[in-house]
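> Got a structure for you, questions after.
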Amino acid sequence: MHVIDSHTGGEPTRVILDGAPDLGSGPLADRALRLATEHEEFYRSVMLEPRGQPAMVGALLVEPVDPTCVTGVIYFDVDAVLGMCGHGTIGLTVTLAHLDRIGVGMHRIETPAGIVTVELHDTHTVTVTNIESRRVAADVTLDVPGYGMVTGDVAYGGNWFFIVDPSPTPVEASNIQHLTDMTIAIRTASIAQGIGGEQGEPIDHVIFQDASPAPDIHSRNFVLCPDDNYDRSPCGTGSSARLACLAADRALPPGQEIVQQSVIGSTYRLSYQPGPTGGIIPSITGQAHIMAEAKLIFDPNDPFRNGIAP
Ligand code: PYC
């Protein structure tokens, strides 16, 4: 199995070029469901230590349904198959350029959440134009055991987010354990209290937004992912959901660019345009760097062939 590892603002992506199970044909959402339900051992073995690393997202290349797309892709972390992944799409685009499969310019990529457009500006810099994103509920209060009442917005950006602004605790690298514990408790409470998308989709990510640490930064965020790790980047789908909330509150006009910083200090440039069905079309610009090209080996005699289960 050949893979290429990159990171986007510190958040790792592993692009799988070959050797994965055959997911058949048909809509990517169906193939993603097949991956989630029939091949859990495969995707966990690629992400878990010792072969994988905490916070890593896999990007499995598949044949697109739409022939105008340069590729189809299904993203996953160790615990979930994702609808879309912003940092992963930036990493994938830089990886496709590294492989000479695309050049500078615009390209289309098919994901289970829909087709996204990417613009490769140079070897590292990519703008992702994401699927239509929207806020579905504002000022939802959750009773969070051990932490009390927490109020936030429910928004979609390719995954489902509960966004708390302002953060109830400082968004600082020295506070990551507390941020992690609290956001896990919020996600658990949201599921227990039936808070999620319009069709009952569960919240899979939680975001805390903190005040700007510098005049040129709009805000800093902490993003909890399904694998209970935090996103080292400002999270592309999370930034999309956040933009939808700012648009719904009329706190940011269309076309105005802001800088979103992650808890470790990496940044995305963000803006949006109105969407066709009442939401917004987000643009996310970030940078990725290639780290490794490797062949993964699954030795039948390796007691940890399928990874170290937590
Ligand atoms: O950038 O959208 C994103 C993302 C989702 C999970 C990790 N990163």
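The values are calculated or read from the model by the stated rules, or taken from the named source; none is laboratory data. Every value quoted in this text rests on a predicted model; they were computed, and no experiment measured them. Cβ placement follows ideal geometry from the backbone for every residue including glycine, while neighbour counts extend to all protein chains displayed.
> Of everything in the stretch 52-72 that's touching a residue at least 40 places away in the same chain (Cβ under 8 Å) and closer than 13 Å to ILE16 by Cα, which residue is nearest to the ligand (Cβ to nearest atom)?
This residue is VAL57.
> What strands (runs of 3 or more DSSP E) completely inside the stretch 93-172 contain at least 2 residues that are basic (Lys, Arg) and touching a residue at least 24 places away in the same chain (Cβ under 8 Å)? Before the answer, list the steps.
Details: elements: 105-111, 114-120, 125-129, 134-144, 148-156, 160-164.
Counting at least 2 such residues, we get 134-144.
> Taking the residues in the stretch 2-48 that are under 30 Å from TYR268 (Cβ atoms) and polar (S, T, N, Q) as candidates, determine which candidate is farthest from the ligand (Cβ to nearest atom).
So, considering only residues that are under 30 Å from TYR268 (Cβ atoms) and polar (S, T, N, Q), the one farthest from the ligand (Cβ to nearest atom) is SER6.
> Test VAL206 against the stated conditions and say whether it is more than 9 Å from the ligand (Cβ to nearest atom) and in a strand (DSSP E or B). Quick ask: steps written out before the conclusion?
Numbers: more than 9 Å from the ligand (Cβ to nearest atom): yes; in a strand (DSSP E or B): yes.
Criteria met by VAL206.
> Quick check on my filter: what residues within the stretch 28-56 are in contact with a Leu (Cβ under 7 Å, 6 or more places away or on another chain) and farther than 17 Å from ASP227 by Cα?
Across the stretch 28-56, the qualifying residues are ARG31, ARG34.
> Separate question: Give the number of residues within the stretch 212-229 that are of a type in the set (Phe, Trp, Tyr) and either part of a loop (DSSP other than H, G, I, E, B) or surrounded by fewer than 24 Cβ atoms within 10 Å (Cβ to Cβ) (or both).
0
> Continuing with the same structure: What do you reckon, is GLY200 of a type in the set (Gly, Ala, Ser), more than 16 Å from the ligand (Cβ to nearest atom), over 25 Å from GLU110 (Cα atoms) and without any contact (Cβ under 8 Å) to a residue 24 or more places away in the chain?
no
> Sort out which residues of the stretch 111-125 are surrounded by fewer than 22 Cβ atoms within 10 Å (Cβ to Cβ), hydroxyl-bearing (Ser, Thr, Tyr) and under 15 Å from THR68 (Cβ atoms), and write them in order of number.
THR117
> Of all residues in the stretch 1-17, count the ones that are in a loop (DSSP other than H, G, I, E, B), surrounded by fewer than 24 Cβ atoms within 10 Å (Cβ to Cβ) and within 22 Å of the chain's Cα centre (by Cα).
Count: 2.
> When you scan the stretch 126-137, do you find a residue that is more than 30 Å from ASP66 (Cα to Cα) and of a type outside the set (Ser, Thr, Tyr), even just one? Steps first, answer last, please.
Restricting attention to the stretch 126-137, the residues satisfying the condition of being more than 30 Å from ASP66 (Cα to Cα) are 137.
Retained after the next criterion (residues that are of a type outside the set (Ser, Thr, Tyr)): 137.
Scanning the stretch 126-137, I find at least one residue that is more than 30 Å from ASP66 (Cα to Cα) and of a type outside the set (Ser, Thr, Tyr), so the answer is yes.
> Tell me whether the stretch 208-226 contains one or more residues that are closer than 19 Å to SER133 by Cα, among the acidic types (Asp, Glu) and in contact (Cβ under 8 Å) with a residue 24 or more places away in the chain.
No: zero hits.
Rundown of residues vs (1) modelled with pLDDT under 95; (2) β-branched (Val, Ile, Thr); (3) under 13 Å from ASP153 (Cβ atoms); (4) within 16 Å of the ligand (Cβ to nearest atom), yes/no style:
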residue: SER219; (1), (2), (3), (4): no, no, no, no
residue: LEU224; (1), (2), (3), (4): no, no, no, yes
residue: ASP227; (1), (2), (3), (4): yes, no, no, yes
residue: GLY236; (1), (2), (3), (4): no, no, no, yes
residue: SER239; (1), (2), (3), (4): no, no, no, yes
residue: CYS245; (1), (2), (3), (4): no, no, yes, yes
residue: ASP249; (1), (2), (3), (4): no, no, yes, no
residue: PRO253; (1), (2), (3), (4): no, no, no, no
residue: GLN256; (1), (2), (3), (4): no, no, no, no
